[in-house]
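**Student:** The structure is given below, and queries will be raised subsequently.
Nothing in this text is a laboratory measurement; each read-out follows from the coordinates by a stated rule. Worth saying up front: this structure is predicted, and the values here are computed from it rather than measured. Cβ atoms come from the backbone with ideal geometry, glycine included; neighbour counts cover every protein chain shown.
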Amino acid sequence: MASMPQTIPNGDGLHSGAPGGPIETRWDRHRFEMKLVNPANKRKYTVIVVGTGLAGGAAAATLGELGYNVLNFCIQDSPRRAHSVAAQGGINAAKNYPNDGDSVWRLFYDTVKGGDFRARESNVYRLAQLSVNIIDQCVAQGVPFAREYGGLLATRSFGGTQVSRTFYARGQTGQQLLLGAYGSLMRQLETGRVKMFARREMLDLVVVDGHAKGIICRNLVTGELERHAADAVVLATGGYSTAYFLSTNAVNSNATAVWRCHKRGAYFANPCFMQIHPTCIPLQGSAQSKLTLMSESLRNDGRIWVPAKKGDPRPPDQIPEAERDYFLERRYPSFGNLVPRDVASRAAKHACDEGYGVGTGQAVYLDFADAIQRLGQNVIAERYGNLFDMYREITDEDPYKLPMRIYPAPHYTMGGLWVDYNLQSTIPGLHVLGEANFSDHGANRLGASALMQGLADGYFVIPYTLGNYLAGTRPGTVRSDAPEFGEAEQKVRGVIDHLLGCRGKKTPREFHWELGRLLWDECGMSRSPEGLTQTIDKIRALRAEFWENVHVAGSGQELNQHLEYAGRVADYFELGELIAIDAQQRNESCGCHLRVDHQTPEGEPIRDDENYAYVAAWEHTGDVSKPRLHREKLEFENVHLTVRTYK
Amino acid sequence: MNTPRFRLWSSVGKKILTGLTGIALMAFIVMHLLGNLTLLVGADAFNGYTESLHELGWLVIVAELGLIALFGLHAISAVQVWLDKGKARKQHNSLMRTKGAPSKQTIASRSMIVTGAVLLVFVVVHVIQFRFGPSIEQGYVAVVDGAPARDLHRLVVETFKNPVWTGIYVAVMLLLGFHLRHGFWSAFQSIGALGPKLRPLAYSVAVVFAVAMAVGFLILPLYLFLFASVPSGAVAMAGH
Amino acid sequence: MSNARQPRSYTLRVWRQPSSTTEGKLVEYAVSDIDPDSSFLEMLDHLNENLVKKNEEPIAFDSDCREGICGTCGVCIDGRPHGPIPHVTTCALRMRDFADRSTIVVEPFRAKSFPVVKDLVVDRSAFDRIIEAGGYVSVNAGSAPEANMIPIGKDIAESAMDSAVCIGCGACVASCPNASASLFVGAKMRQMVLLPQGAVERKHRALAMVERMDREGFGDCSNHGECEAACPKAISIENIATLRREYMKAIFR
């Protein structure tokens, strides 16, 4: 059972701890088999939850509801601002309200296939089962989902599926779901069972006798380092796309918490599985700080095309129908514009690399002219109004009149800290939820599944599995004056002092930009063995330079955003190398991971199930350049491994 | 904290109070204006109107106490809102500008406390001047329905033959217009009576209402100043 | 194409305040080589990079998603929260909307309930504490009924959504001559009362949220309606009318 430390025999054979038996009953059986904490004893346990997004916020609220003492941390000034807020399109659930053939099985199947058979079956099936409860929960919280005229919930379609199972609240579904979780969290604050620590950045995990027992965080307002002890730690700090410098993530999203846990012994799984989202607004200027995503839901009504002639200089409205190449519809007739993200991104990159790109050459058109003609501008405005407004604000062009220009951008990381079926990492007591873990999306995440996973983990998985862990421990055994806290704090202070004392010539931003370019070019939409080898060397060299030549302004005893940023960039360098190493070891193409040496002549990926149907979980050995690989073999008992095709 | 007293004196409670009293006061000034318009008809009509009010007896006292309460509550709650405003932002930015429509921030809305304060002083002066001004005992006697009554008409005319008083009244009535331009729709908004359709309507009607009240009231002193003859009653009574 | 437009330069007058306990002042900076397509915050990023290179302290300002949804960013630009353009947040504001060589005054969202933390960063945790008082439906995870059990009219759901789009940025407070939080509170209250799930607790919610709002030191609302103009999500003062109605129902029933 997962309350025991994971046994890792010899660099291989990492086990998920998922129960066997028919997949439909695994979660039920597991829930029954897990230990419970007596209601009267729950308040004796203290749990740290880091992060207040869909996973962390839902977890903190739910653990509070159950009666645990929860200490909840977030980097933002308010828990309501966690980056889940920016998710636009929707949340999947196997409700089958449209009566179009959906089921838990189909959502399960679509997700495993969408992830190109690199996800764990048991976890995905549980996710599909819980999806229906999530919608119930959110409606009860007062989330204003879109509705049909009859008053029942509306759905729309997303990429990689042929059913309509995505529930949404205009283009702000993430915001509304997050505010639902935030409301529940605030309610627990009022009861006193949850204590909120905003503007705190977790900088280290404290491990005592092999168990996670606390964190070191920096109070971002005063600069003070704080020690917080607990009986267990739940990490829900999101993904690490920001390592690429330009991504769709928020500017404060970062990898520091997961990375420091990794360095304390948590294995990092599939770091190279990085989702590049096809529909983002292309890069415009050199000063740009981030890329903006346009919801995948746009592909319901928008058609993607490039001119059929290379370098066609004509404006889009003057290119006749016959001289356009609707390349997704042409290449993937059965899914058309609704192919999964990895497929759409790759096709767009392919078109641009071949010289068919529009605008700067790094863009393709997403055209609504047909839909506007068919449905009228009002209907389109009702469905996507806020996205169209956003596009106009950024580009100064009217998407009702001209097609949008889009290009892929780093968006989501399927990789993350390795967790077992109980969402526990390889450090007992450290549980990892949401995007921060690796578990459910394999090598590619389907649209509208991130919200589903975050909330499933937070509302419906961790409340059970954490109890199972806690039931095997005595409460309050470790206090923040334990020597392990002192050691961790000292280490954190050392890094901060070094960064502040360095006084070099380059800013963290300049380093980050260079690292981002390296990762984007060689660990982006296509990867080559030679390129990866070179990239690893370049990252190492740049990292060495960083530690000698970085310039950080201000002091450590105040609000110092520049220092915060420098610390995050330092971690991106180490993580960036691991991303490249992971991409290098996986000698196959799967999902988002396209290796140029493993593809068909048409550019379709070739998977190697014989040798690579495993999760690559990396152990930190003390030397970031020499991580140790552990493999969790993936068993497919319910889904047949097939060539993933959307033709 | 959630005692009924606190609830009415909370930020929202005060605003509801200000709104309700404001609506009542607006009803009052409409009545007051309609009554005063009898001045345009003549002395008998006006004195007949004022005497008919007098004949209500103790009801007059009740009405007057009610009005005092309305003015008082309206003023106190509004002053409190203004004081809280000062507390809610101690340090100010160097610039603070309106973003334009749909903002309803105007000179009128920003000067409510000033126009309100002027109106309060005015009301006191106005009451002293006319309610407690010279009456039958001081020889201001008119005949209404065959009985002697207070000749308020004469007092009014005498007052507004004075260009200073006329000037003051006209100026204050202009300020009343400003006060009502924001106050009219704001009062209904404050009690939550305005939905998305009514709000633009109320906001426009407020202009009409404000102009009607201001013009209605200031026409009287101007008319009397320019056109009224010196009251005959004064001469007749002087002979006694 | 807009990309071809010339880089611009500006004179900035920025509020600098080392900490909540120290005095602040406006400090003038020159910025040049600004791409008109870059955002207002990217312009500040650019200035900060230059300040760091000159060994000066960069300007502290809050931002996160940089696409107008998280509500983290927000400064007063020439006296207007989120700047001159309606319905955008500071992060979504583009430099093409500022004339070349103009002077721009940048100050924090100002209210007693939003104390300055540093430079342009303010503490808006008062908003969280108002929500804590009752801005939610009291429902535990796991206890929810089937989602389609209670039909909700499309128009009602849309109307609730119009209120629910609030991002909690605080522009309503910053723009209000009285520093009132009525629009923020009203929007949450209206979302909740329109939906049957939220209507159950309406009385307690109205009293508790108003009581908390007052205790946090926000001013009273004088119906200037400036908040609606300043709101990046165009939330209507209809929500303030709802707040009053809810409050009246709560105290008189």
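**Student:** If we count every other residue with Cβ under 12 angstrom of B:His182's Cβ, Lys/Arg +1 and Asp/Glu -1, where does the sum land?
**Tutor:** Details: positive: B:Lys104, B:Arg110, B:Arg181; negative: none.
Spelling it out: positives minus negatives among the neighbours equals +3.
**Student:** How large is the helix-only mean residue ellipticity at 222 nm for the protein assembly as shown, computed as the sum of -39500 (n - 2.57) over DSSP H runs with n ≥ 4, divided by its residue count, in deg cm²/dmol to the nearest 500?
**Tutor:** -13500 deg cm²/dmol, from helical runs alone.
**Student:** Here is a follow-up. As an exercise, use a Förster radius of 56 Å and the Cβ-Cβ distance of C:Lys203 and B:Trp165 to find the FRET efficiency, rounded to the nearest 0.05.
**Tutor:** Computed FRET efficiency for C:Lys203 and B:Trp165 comes out at 0.60.
**Student:** Modelled label-to-label distance, A:Ala381 and C:Gln6, 7 Å Cα→beta-carbon offset: nm?
**Tutor:** Placing both labels 7 Å along Cα→Cβ, they lie 3.7 nm apart.
**Student:** Take the Cβ-Cβ distance between A:Glu321 and A:Arg374 as r, set R0 to 22 Å, and report the resulting FRET efficiency rounded to the nearest 0.05. Let's see the in-between values first.
**Tutor:** On the way: r = 15 Å, r/R0 = 0.68.
Using R0 = 22 Å, I get an efficiency of 0.90.
**Student:** Once phi is turned into θ = phi - 60°, what whole-Hz ³J(HN,Hα) does the Karplus curve with 6.51, -1.76 and 1.60 give for every residue of segment A:374-380, x standing for Gly and Pro?
**Tutor:** 6, 10, x, 5, 4, 5, 5
**Student:** Can you say what percent of the DSSP beta bridges in the protein assembly as shown, counting only those with both residues inside, are antiparallel? Round to 5.
**Tutor:** DSSP beta bridges in the protein assembly as shown are roughly 75 percent antiparallel.
**Student:** Right, here's the next one. Put a dot 7 Å past each Cα toward the Cβ at B:Ser229 and B:Gln91; how far apart are the dots in nm?
**Tutor:** The modelled label-to-label distance comes out at 7.1 nm.
**Student:** Which value in nm describes the separation of the simple spin-label points at B:Ala27 and B:Ser204, placed 7 Å from the Cα toward the beta carbon?
**Tutor:** Taking the two extended label points, one gets 2.6 nm.
**Student:** Could you work out, residue by residue across B:16-22, how many beta carbons of other chains sit within 10 Å of that residue's beta carbon, and then give the average as an integer?
**Tutor:** Shielding by partners across B:16-22 averages 2.
**Student:** Working from Cα positions, state the angle (0 to 90°, nearest 10) between the long axis of helix A:121-140 and the longest principal axis of chain A.
**Tutor:** The angle comes out near 90 degrees.
**Student:** Another one. Can you tell which of C:Glu23, C:Glu228, C:Glu146 shows the greatest fluctuation in a Gaussian network model of chain C with Cα springs below 10 Å?
**Tutor:** Answer for the Gaussian network model of chain C: C:Glu146.
**Student:** Under 13 Å from the 7 Å Cα→Cβ point of C:Arg215, by amide nitrogen: which residues of segment A:191-219?
**Tutor:** Correct set: A:191-192.
**Student:** Which of the three applies to segment A:277-411, rounded, prolate or oblate, going by the alpha-carbon gyration tensor with a ≥ b ≥ c and a/c under 1.5 meaning rounded? Mind dumping the intermediate values first?
**Tutor:** Details: a/c = 1.23, a/b = 1.04, b/c = 1.18.
In terms of gyration-tensor shape, rounded.
**Student:** Below 10 angstrom from the Cβ of C:Arg205, what's the summed charge of the other residues (Lys, Arg +1; Asp, Glu -1)? Write out the running numbers ahead of the final one.
**Tutor:** Working: positive: C:Lys188, C:Arg202, C:Lys203; negative: C:Glu201, C:Glu246.
Cβ neighbours under 10 Å give a net charge of +1.
**Student:** What lysines sit close enough to B:Lys197 to cross-link, taking a C-alpha to C-alpha distance under 30 Å and skipping anything fewer than 8 places away on the same chain?
**Tutor:** B:Lys14, B:Lys15, B:Lys85, B:Lys99, B:Lys104, C:Lys154, C:Lys188, C:Lys203, C:Lys233, C:Lys249
**Student:** For segment A:277-411, what's the relative contact order in percent, using C-alpha pairs closer than 8 Å and at least 6 residues apart?
**Tutor:** Numbers: 199 pairs, mean separation 47.6, N = 135.
With pairs under 8 Å counted, the relative contact order is 35 percent.
**Student:** Another one. Name the aspartates and glutamates eligible as straight-distance cross-link partners of A:Lys309: C-alpha to C-alpha under 18 Å, and not fewer than 8 places from it in the same chain.
**Tutor:** A:Asp317, A:Glu321, A:Glu323, A:Asp325, A:Glu329, A:Asp353, A:Glu354, A:Asp367
**Student:** Using +1 at the C-beta of Lys and Arg and -1 at the C-beta of Asp and Glu, which of B:Gly139, B:Val127, B:Gly177 has the Cα lying farthest in the positive direction of the dipole of segment B:81-216?
**Tutor:** Highest projection toward the positive end goes to B:Gly177.
**Student:** Residue by residue through B:99-110, how many Cβ atoms from other chains fall within 10 Å of the Cβ on average? Before the final figure, lay out each step's value.
**Tutor:** Values: counts 16, 5, 4, 9, 10, 7, 10, 2, 0, 0, 6, 3.
Mean partner shielding for this stretch: 6.
**Student:** If you keep only loop residues by DSSP, which trypsin sites (Lys or Arg not before Pro) in segment A:252-318 have at most 13 other Cβ atoms within 10 Å of their Cβ?
**Tutor:** A:Lys310
**Student:** In peptide C:53-59, what is the residue-averaged number of other protein chain Cβ atoms found within 10 Å of each Cβ?
**Tutor:** Going residue by residue through C:53-59 and averaging, the value is 4.
**Student:** For the pair A:Val596 and A:Ala544, what calculated FRET efficiency results from E = 1/(1 + (r/R0)^6), where r is the Cβ-Cβ distance and R0 = 30 Å, to the nearest 0.05?
**Tutor:** Efficiency, rounded to the nearest 0.05: 0.55.
**Student:** Quick query: amide H of A:Ala269 versus all other amide H atoms, modeled in the peptide plane; which residues come in under 5 Å with a sequence gap of 5 or more or a different chain?
**Tutor:** A:Gly416, A:Leu417, A:Trp418, A:Trp618
**Student:** Now for a different question. So, by mean Cβ neighbours within 10 angstrom, what's the order for B:73-86, A:23-36 with the highest one leading?
**Tutor:** Top of the packing list down: B:73-86, A:23-36.
**Student:** Within segment C:32-124, which trypsin sites (Lys or Arg not before Pro) sit in a loop by DSSP and count at most 16 neighbouring Cβ atoms inside 10 Å?
**Tutor:** Hits after loop and neighbour filter: C:Lys54, C:Arg101.
**Student:** Give the percent of DSSP beta bridges with both residues in chain A that are antiparallel, rounded to the nearest 5. Could the numbers behind the result be given before it?
**Tutor:** Working: 44 of 63 bridges.
In chain A, approximately 70 percent of DSSP beta bridges are antiparallel ones.
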